[in-house]
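The values are calculated or read from the model by the stated rules, or taken from the named source; none is laboratory data. Note that the structure is a prediction, hence the values are computed from the model and not measured. In this analysis, Cβ positions are derived from the backbone assuming ideal geometry, glycine residues included, and neighbour counts consider all displayed protein chains. Keep in mind that these areas ignore ligands, DNA and RNA; they rest on the heavy atoms of the full protein, side chains included. Shrake-Rupley method; radii C 1.70, N 1.55, O 1.52, S 1.80 Å.
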Amino acid sequence: MLFEVKDKETMQREIERFCRFLAQNQVPDERVFDSRLVVSELVGNVLCHAQSTARFHGEVKDGFVEVCVHSDKLFVPPKTSRCAGVYEEHGRGLFLVDSVCAERTVTDEGAIRVRIRIGE
C-alpha cells in the first residue's frame, strides 16, 4: 500500500491509514505500535531534515512488516545509530527505529527499507 506525506497533518492521517491496513492484515497490536513508531520517525526525518515530500510503501510479507520510505530529495540516515546523551535534544529516533526493526537498509534508489518481524 502506498502513502504520501507532505506535512505533519498528512503524516498523521497516512500513518493512521497504514495502521488500519496492518490491523486488517492481522498484525498484532505490538507490531502495529512498532510500525507506527518506525514510520513516524523515518517520515518525520524526511520532512525535517530533507524538507521534502515523503512517500512510503508498506506491506505484510513473509512474516515481516516491510516499509520503504522514499523522499523527493535524497536523505540517507547514518548506517549505524547511537542513543543520544541525556542532555541532547535530538538523536534518539533512529536508535529507537533500529531497536524494533530486524533490518534497516538503503535501496539502490535511495529509499530507506525496514523490516519488522511480526512473530517470535
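How much accessible area per residue does the chain have, counting only protein heavy atoms and a probe of 1.4 Å, in square angstrom?
It amounts to 60 Å² per residue over the chain.
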Relative contact order for the chain: what percent, with Cα pairs under 8 Å and sequence separation of 6 or more?
25 percent
What's the local net charge at V106, with K and R +1, D and E -1, over the other residues with C-beta under 12 Å away?
0
Suppose a student asked you for the relative contact order of segment 1-49, using Cα pairs under 8 Å spaced at least 6 residues apart; what percent would you report?
39 percent
Where does the Debye-calculated log10 I(q)/I(0) of the chain sit at q = 0.15 Å⁻¹, using only Cα point scatterers of equal weight, no solvent?
-0.63
DSSP-assigned coil residues among trypsin sites (Lys or Arg not before Pro) in segment 1-65, each with at most 15 further Cβ atoms within 10 Å:
K6
Which of the aspartates and glutamates could be linked to K8 by a straight reach, that is with a Cα gap under 20 Å, when you skip same-chain ones fewer than 8 residues away?
E16, D34, E41, D72, E89
Could you list which residues have their amide H under 5 Å from that of I118, counting only those 5 or more apart in sequence or on another chain, with H placed in the peptide plane?
F64, V65
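Ignoring ligands, DNA and RNA, what percent of the accessible area of the chain is carbon or sulfur (1.4 Å)?
Using a 1.4 Å probe with all protein chains present, the chain comes out at 50 percent carbon and sulfur.
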If D7, D72 are ordered by their accessible area, calculated over protein heavy atoms with a 1.4 Å probe, which sequence runs from highest to lowest?
D72, D7
Mark the label point 7 Å from the Cα of L96 along Cα→Cβ and return the residues of segment 14-45 whose backbone N is within less than 11 Å of it.
34, 36-42
